[in-house]
Every structure is written in structure tokens, then in C-alpha cells.
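Quick notes on the structure that follows.
The values are calculated or read from the model by the stated rules, or taken from the named source; none is laboratory data. As the structure is a prediction and not an experimental result, all values here were calculated from the model. Don't worry about glycine lacking a Cβ; one is built from the backbone with ideal geometry, like all the others, and counts go over all protein chains shown. Side chains included, ligands, DNA and RNA excluded: accessible areas come from the protein's heavy atoms. Shrake-Rupley method; radii C 1.70, N 1.55, O 1.52, S 1.80 Å.
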Amino acid sequence: MLQNWLKESKYTVVFTGAGMSTESGLPDFRSSNNGLWRKKNPSKIASTEALNENVQEFIEFYKERVLGVKQYGPHKGHFILAKWEKAGIIQSIITQNVDGFHTEAGSKQVAELHGTLQKFHCQSCKKEVDSETFVKQQFCQCGGVLRPNIVLFGEMLPQEAFQKALMESEKAELFIVLGSSLSVTPANQFPLIAKQNGAKLVIVNLEPTEFDSFADEVIHNRKIGDLLEELDHKIKANE
Ligand code: NAD
Ligand code: APR
């Protein structure tokens, strides 16, 4: 079905989560085997509270994640989505990921709901630095701690990305979720908004999600990279 809907849809939006980047080598958060939040309590690490009361662990955690993002990069699935955008097969991507891999693979229309690990800013004077500076020195000249430009637990999402995601979800005829457990608000509302506005909803995720019952098609136990490659071959074969 997904292959036909991809061909028929005039406005297709792809929504990605950490499962989009596991085939690049980055761990996700809630996979039963090695999700990051299976080993650490996110509210103690990736929160504004951690930034004030648990700075050393906060710095170590994000240094590790920045080094991971630099060590790896987009995989075949990211490049296929970028190619499909150029070919007009999909129109935009809404991502919860902070690794920047969609943009690195060439996608242009990307709403980064949870910000990006590529940029940091000083918690005190707000001076912005790049991630290389953060890896070398974790504190600003003013003495303040450098924190990533991402949404921490308890923070508001960047309004521009939020509004873009809302617009895209309302316009979608086909809304495809790739690699998200859909466990975090308000990100997990966009598949519902698309559905409420008449879109077909497809969820591709190794494990079941809380939103499977709302989907028109659910694909479990398939790795995203392989599935996108298979769909790409089928679309090319029918050109
Ligand atoms: P939550 O429901 O507690 O938080 C939802 C967040 O979305 C709240 O901070 C709230 O302020 C914000 N929000 C709600 N409605 C909004 C709206 N209309 N416009 C803008 N923002 C709105 O969920 P949570 O599990 O505590 O996660 C909080 C946020 O922190 C999520 O976005 C989560 O993904 C993010 N987070 C990011 C990382 C990371 O590494 N990137 C790590 C942990 C948490
Ligand atoms: N192919 C398909 N699905 C996959 C793959 C893969 N190769 N790898 C992992 N998955 C699935 C897992 O089964 C898991 O259910 O992707 C899902 C990822 O879900 P989470 O780990 O919860 O990640 P995500 O949904 O992006 O988390 C949302 O929570 O901590 C916050 O801000 C953080 O953006 C993150 C948000």
C-alpha cells in the first residue's frame, strides 16, 4: 500500500525519530535492547534541572552524543529521503532528531522540532558557539556553562519549527512516521493532526507504538534503511 500511496499522494510529509539514525550507529532512546533511556534517567540528564544541579554528568552526556554524531553520518535511508524530496515524491520532513543527518544528506525542507546538537550557547550570556568549541571547552569565557541548542525536558519547543510542523501536518495527504515510539509530547501530536486533516497515516517502527491503532498502515520489524531502499527500487521500476 505504502508504495501506491507514495505515488498517488500530492503532499507527503515524513516524520522521523531516533530510529531513523540507529542504522547510522547512534543509539535511540527507548528501544528495548539499547535505548539511552533504558540506562539513564532522562530527567536527571537531559533536563534544565540537570543543567543546574548535575552539570558534570550533563556535560559528559552531551560530549558523548556530539562525538557520536561526528563519528557517524547519514545512512542510505537519509539519502533516499533527500533524493525523493528533489524528485517531488515527498515534500518535507519533521524530525525529533538533533543529529542534523537529514540536512547533511541533502534534505532542504526539514523542521527540527527538538533543535540541533550542531550549535551550543552559553547558559548565562547566551553567546553561541559551534559543537567543536564545546568539545574543547565546556564553559564560556564568561564562566557560564555551554549547553546544546536542543529542547531539554521541560523546555518549550522552538516556535518556528513547531509552527512549520503544524502547517506541514495540516497539508499532508500522506504522513509517514519513521522510527519513533511517539512517546513524547507535543511531537507525538503531529501524526494525529495530519490524520484529523484527512491524511493517510503510515507508521514504520521496529516496535509497536501507542499510536498504531490510528494508522492506516503499520510496518513493524522492518529496518527503515532497507524498507526505503526496497520502496525506491519499486518506484524506479514503475517509472
Ligand atoms: P513533556 O510532555 O514533559 O514536554 C513536552 C514539552 O513540549 C514541554 O517542555 C512543553 O513546554 C513543550 N510544549 C508543549 N506544548 C507546546 C507548544 N504548543 N509549543 C511549544 N512547545 C510545547 O515531554 P518530555 O518527554 O518531558 O520531553 C520534553 C521535551 O524535551 C521534548 O520535546 C523531548 O523530546 C525533549 N528532549 C530532548 C532531548 C534531546 O536529547 N534532544 C532529550 C530529552 C528530552
Ligand atoms: N528501523 C525502524 N525502527 C527503528 C529502528 C530501525 N532501524 N531503530 C529503532 N527503531 C525504533 C525503535 O523500536 C523505537 O521504538 O525507533 C523507535 C525510537 O523511539 P525512541 O527511542 O523513543 O526515540 P524517539 O521517538 O525519537 O524519542 C522522542 O524523546 O528523549 C526524547 O528528545 C528525545 O527526540 C527524542 C524524543
Taking the Cα-to-Cβ direction at ASP216 and at PHE139 and moving 7 Å from each Cα, how far apart do the two end points lie in nm? 5.6 nm
The chain - percent relative contact order, Cα under 8 Å, separation 6 or more: 23 percent
State the answer as a single residue: which of ALA161, GLN141, CYS125 lies farthest towards the positive end of the charge dipole of region 26-166, with beta carbon charges of +1 for Lys and Arg and -1 for Asp and Glu, about the Cα centre. ALA161
Let me check I've understood the local charge: for LYS76, count other residues with C-beta under 13 angstrom from its C-beta, Lys and Arg +1, Asp and Glu -1. What total comes out? -3
On a straight-distance basis, which lysines could pair with LYS171 in a cross-link, Cα separation under 23 angstrom, same-chain partners fewer than 8 positions away excluded? LYS7, LYS10, LYS83, LYS86, LYS108, LYS195, LYS200
If each of LYS223 and GLN3 carries a label point 7 Å out from its Cα toward its Cβ, how far apart are those two points in nm? 2.1 nm
Using eta = 0.692 mPa s and T = 37 °C, Stokes-Einstein with Kirkwood Rh from Cα pairs puts D for the chain, in µm² s⁻¹, at 178 µm²/s
For helix 76-86, what angle does its Cα long axis make with the longest principal axis of the chain, in degrees from 0 to 90 and rounded to 10? 70 degrees
Shape call for region 196-239 from the C-alpha gyration tensor, a ≥ b ≥ c root eigenvalues: rounded (a/c under 1.5), prolate (a/b greater than b/c) or oblate? oblate
The chain - percent of accessible surface contributed by carbon and sulfur, probe 1.4 Å: 51 percent
Point-to-point label distance, GLU128-GLU160, nm (Cα→Cβ direction, 7 Å offset): 0.8 nm
Run through region 85-176 and list the trypsin sites (Lys or Arg not before Pro) located in a DSSP loop whose Cβ has at most 11 other Cβ atoms within 10 Å. LYS108, LYS126
Only Lys, Arg (+1) and Asp, Glu (-1) charged, at Cβ; the chain dipole about Cα centre in debye: 300 debye
